[in-house]
Amino acid sequence: MSTVPTPQKTNRLGLSVMEYKGGKTTLCAGCGHNVISERIIDAMFEMGVKPERVIKMSGIGCSSKTPAYFLSRAHSFNSVHGRMPSVTTGAMLANRTLFALGVSGDGDTASIGMGQFIHLMRRNLPVIYIIEDNGVYGLTKGQFSATADIGSKLKTGVINDLPALDTCALAIQSGATFVGRSFSGDKRQLLAMLKAAVAHRGTVMLDIVSPCVTFNDHEGSTKSYDYMKEHDEPLHEVSFVPHFEEISVEYDPGTTMDVTMHDGSHLRLRKVNEDYDPRDKVLAVRSLMESHAKGEVLTGVFYIDTSKPSFLDLLNLAEQPLATLPESAVRPSREALDQVMEELR
Ligand SMILES: Cc1ncc(C[n+]2csc(CCOP(=O)(O)OP(=O)(O)O)c2C)c(N)n1
Ligand code: SF4
Ligand SMILES: [Mg+2]
């Protein structure tokens, strides 16, 4: 009896999920970063993003190694520690048709890369910037990073006596237009947020708590699986309807906020506790500060602004990617240069 092979599910580009995979991970088994790579694969597949259009950008760290483990058909640039934002900015200016996905760590972002991070947020460059946040420098054997909470404990018994930087509050204040926090262990929320991130045109900053099983998953850590299970406080239930799918589930405006995104997709936030408007910047920062003071880890989409122009719009760049413009279009003629020199005399 012959068995008929089941046809593989394909997306709107006719690609199977296999075409979104990458190399085999070399990270520790159980590392939260591996789960995030899986969700990125799912989100890109389900949104039908063409892999060849994607530029995977990263800095240095276990987290920054992960672009090797998804989308092997995409372009990839593993930059210097903390310098991914400037390399990404350059790449996007050279070719505005690319789709930028940056993966960083809490060390890569909140210490050596902080200056670059803030300026990237401020510019609202179209990029999805992910921080795989484990509160330690995993690659260099688990020292505290600047996102580690005050009072959290290393395996060696060392207590962190400095306050944590909140990268979400910083991103909102600096100018990013889609900011949220999730947890690698919350499959549904993370996938919905990543898909919405794909639909956004501007800087998306997602801080994803991602436990380091080797150096920061013990009792006394505030970035462990157990701690997150007990303290994760979802602000709302996040769901997402892409523009190419028919809306099949109606919603009650009294309990759910529907945000229409640039491409016509819908981000739906069903309230869990109280009214929350993710378009209110002050409320977003206040909610983050209040929940932190209560010892909770607030997750969800904190802030979204679909009206602010992206950096590429602001610069009024030519539609044709700069990288493909012929020399005749980008090189001033001798006459033009002579004229400039004349004017400077
Ligand atoms: C200029 C420079 N300084 C220091 C280092 C050492 N170093 C490598 S990775 C890293 C921190 C990585 O931490 P994080 O970004 O949180 O990534 P994780 O490994 O935790 O995923 C440091 C300090 C380096 N590679 N380059
Ligand atoms: S050291 Fe930590 S962050 Fe690095 S791969 Fe292992 S579990 Fe992940
Ligand atoms: Mg880290």
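The values are calculated or read from the model by the stated rules, or taken from the named source; none is laboratory data. From a predicted model like this one, the values you see are computed outputs, not experimental measurements. Reconstructed Cβ throughout: ideal geometry from the backbone, glycine too, with neighbour counts over all protein chains shown. These area figures cover heavy atoms from the full protein model, side chains too; ligands, DNA and RNA do not enter into them. Shrake-Rupley method; radii C 1.70, N 1.55, O 1.52, S 1.80 Å.
What the phi angles of segment 174-185 give under the Karplus curve with 6.51, -1.76 and 1.60, with θ = phi - 60°, is a coupling list of 7, x, 5, 10, 8, 10, x, 10, 9, 9, 4, x Hz, glycine and proline written as x.
For the chain, the mean residue ellipticity at 222 nm estimated from helices alone is -8500 deg cm²/dmol, where every DSSP H run of n ≥ 4 contributes -39500 (n - 2.57) and the total is divided by all residues, rounded to the nearest 500.
Charges were assigned to the Cβ only: +1 to each Lys and Arg, -1 to each Asp and Glu. The resulting dipole of segment 183-227 about its Cα centre is roughly 380 debye.
Across all C-alpha atoms in the chain, the radius of gyration and Dmax reach 21.4, 89 Å.
Figure note: 50, 195 ranked by solvent-accessible area, largest first, 1.4 Å probe, ligands and nucleic acids not counted: 50, 195.
When the dipole is taken about the Cα centre of segment 146-293, and only Lys, Arg (+1) and Asp, Glu (-1) are charged at their Cβ, what size is it in debye, to the nearest 20?
Numbers: 15 positive and 23 negative charges, 85 e Å.
Approximately 400 debye in magnitude.
For the set 283, 190, solvent exposure ranked by accessible area (probe 1.4 Å, protein chains only) runs largest to smallest as 283, 190.
Counting DSSP beta bridges in the chain, what percent are antiparallel, to the nearest 5?
Numbers: 20 of 50 bridges.
Around 40 percent of the beta bridges assigned by DSSP in the chain are antiparallel ones.
The long axis of helix 334-344 is offset from the longest Cα principal axis of the chain by roughly 80 degrees. Accessible area of residue 212 (1.4 Å probe, protein heavy atoms only, ligands and nucleic acids ignored): about 10 Å².
Taken about its Cα centre, the chain carries a charge dipole of roughly 940 debye when the Cβ of each Lys and Arg holds +1 and the Cβ of each Asp and Glu holds -1. Counting only protein heavy atoms and using a 1.4 Å probe, the accessible area of residue 132 comes to about 0 Å².
For 236, 119, the ranking by accessible surface with the largest value first comes to 119, 236, using a 1.4 Å probe. How far, in degrees from 0 to 90, does helix 281-293 lean away from the longest principal axis of the Cα atoms of the chain, to the nearest 10? The angle comes out at about 30 degrees. For segment 132-191, rounded, prolate or oblate, judged on the Cα gyration tensor with a ≥ b ≥ c (square roots of eigenvalues), a/c < 1.5 rounded, else prolate if a/b > b/c? Verdict is oblate for segment 132-191.
Per residue, the chain exposes 49 Å² of accessible surface when a 1.4 Å probe is rolled over the protein heavy atoms with every protein chain present. At full extension, residue 6 and residue 334 could sit 111.6 nm farther apart than now, given 0.36 nm per residue minus the alpha carbon distance. Using bins of 10 Å that start at zero, the share of Cα-Cα pairs per bin across segment 32-73 amounts to 28, 58, 14, in whole %. With contacts defined as alpha carbon pairs under 8 Å and 6 or more residues apart, what's the relative contact order of the chain in percent? Result for the chain is 16 percent.
Give me the percent of the accessible area of the chain that comes from carbon and sulfur atoms, probe 1.4 Å, all protein chains in place.
Working: 9220 of 16910 Å².
Carbon-and-sulfur percentage of accessible area, whole number: 55.
Entry note, segment 35-125: relative contact order of 32 percent, from Cα contacts under 8 Å with a spacing of 6+ residues. Take the alpha-carbon centre of segment 206-237, take the same for segment 77-96, and report the distance between them in whole Å. If you average the Cα positions of each part, the centres end up 29 Å apart. Compared with the dominant principal axis of the Cα atoms in the chain, helix 114-123 is inclined by about 60°.
A 1.4 Å probe, protein heavy atoms only, puts the accessible area of residue 96 near 60 Å².
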